[in-house]
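Worksheet: the structure to be examined is printed underneath.
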Amino acid sequence: METLPSYNCIIHLEKFPTFTIEKAMCNHGFFMMAPNCWEPSTKSFSRPLRLADSTSVMTFISQPPGKDHLVIKVYGASILWLKDELAIQSQVKRMLRLSDMDEQDVRDFHKLHPEAEAKGFGRLFRSPTLFEDVAKSLLLRFCPWKTSLDLAKALCFLQYKKFKSKRKRANISSYGDFPNAEELASFSEKELKGKGNFGYRARELIMLAKQVVDGEIYLSKFEKDHIGTEPNWSKLKINGAGPFTIKTIMMCAGYYSYIPIDSETMRHMDEFHGLKVHKRKRGSINLQIRDKIQQIYKRYDPFQSLAYWFELVNSYETELGKELSELLPSEYHHVTGNYEKEKKKF
DNA sequence: CCCGTTGGGTTAGGGGTTGC
DNA sequence: GCAACCCCTAACCCAACGGG
């Protein structure tokens, strides 16, 4: 890869004094999911990103020590059109929440949560597009964490096999980019199931992609913007996305008021807040429990889920005995609340 | 021949959403 | 309120095997 021509995009960070690359990258499960690739020893990140015409190109992102800018090395071209440079920059800014609005949110959150400020926590990592966030949120449900990781890999592999461009500067990673809506919509259930064990998720993912392509689901309506008018979340109807998934998507979009409640949440509430819940039956979470959990984080309003996520990350790091940014990819599947129990077997 | 280890096969349980 | 959706893995059981 080093022998390929490359072009450096710069993102200036003067306006974001709270930013450090490892804290902005390594705080959410999504940073471990393909095609994202974090290298702990060099504190750098690589993955394919899209040029203005949707071509995938490999990029390498790092923060030179002591400098207040990010360098994005774009492989396969020695010069980029302005529109391509802007496209790359905007994807990186979305992943790392580098906007004036995000900076304001981080500051407001830190006023309510000095402990999070001290630990540099506040920018929740997300994908270059909301579509990828939504698709990955669907991969989180009803399966072990390792399966979610494997399915994301499978999608990238399928994208590579089907869409590797003939152009020389195209994708050069060992697996491909995360499929965009058009690409995912072009797959059949059979194609997906041929590579990974998607089960009923195959239909849901393809349906989502098709609805996005034909405009039935208009995702950018749900991105938080500078105007700040809250979207009507009840209008976001995605097959397979129930309360947990919608709240995960809300966090990604920049709305932090509601906790995405899953079995991990229940474990955490028990261990961290002494909220005993008799083992939940399959299916829906009772409304009283939901209220109790929301109450616990009321004082962080409107950043409840950030406060919750901060606790989760802390508990993982305590259990693992290191920061998430120090994890090797081979250790990712261990990151679950049951790590202690797992570890004893070794 | 007996006992402990290994392996393969089976079973149970875990996980969020949907639709009845 | 509950079963079905689909897959993974841990736990268990039992048979075959090897060493004493």
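Structure values in brief
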quantity	calculated
Out of A:Ile249, A:Ile238, A:Ile259, A:Ile217, sole residue that is within 30 Å of A:Asp105 (Cα to Cα), within 16 Å of DNA strand C (Cβ to nearest atom), aliphatic (A, V, I, L, M) and surrounded by 14 or more Cβ atoms within 10 Å (Cβ to Cβ)	A:Ile238
Enumeration of residues in region A:21-47 that are acidic (Asp, Glu) and closer than 14 Å to A:Arg126 by Cα	A:Glu22
Within region A:98-109, tally of residues that are surrounded by fewer than 19 Cβ atoms within 10 Å (Cβ to Cβ) and in a helix (DSSP H, G or I)	6
Subset of region A:169-187 that is outside any helix (DSSP H, G or I) and at pLDDT 95 or above - its residue that is nearest to DNA strand C (Cβ to nearest atom)	A:Phe187
First in region A:248-275 and within 11 Å of DNA strand B (Cβ to nearest atom), second anywhere and modelled with pLDDT under 95 and of a type outside the set (Ser, Thr, Tyr), Cβ under 6 Å, 6 or more apart	A:Ile261/A:Ile285; A:Glu264/A:Gly337; A:Met266/A:Val277; A:Arg267/A:Gly337
Options A:Gly240, A:Gly215, A:Gly196: the member that is free of Cβ contacts under 8 Å to residues at least 12 places away in the same chain and under 30 Å from A:Phe157 (Cβ atoms)	A:Gly215
Residue identified as buried (at least 20 other Cβ atoms within 10 Å of the Cβ), within 25 Å of A:Pro179 (Cα to Cα) and touching a helix residue (DSSP H, G or I) at 6+ places or on another chain (Cβ under 6 Å) among A:Met32, A:Met95, A:Met58	A:Met32
Selected residue (criterion: nearest to A:Thr245 (Cα to Cα)) from residues of region A:192-211 that are more than 13 Å from DNA strand B (Cβ to nearest atom) and of a type outside the set (A, V, I, L, M)	A:Lys210
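The values are calculated or read from the model by the stated rules, or taken from the named source; none is laboratory data. On a predicted model such as this, the values are computed, not experimentally measured, just so you know. For neighbour counting, all protein chains shown are included, and Cβ atoms are generated from backbone atoms with ideal geometry for every residue, glycine included.
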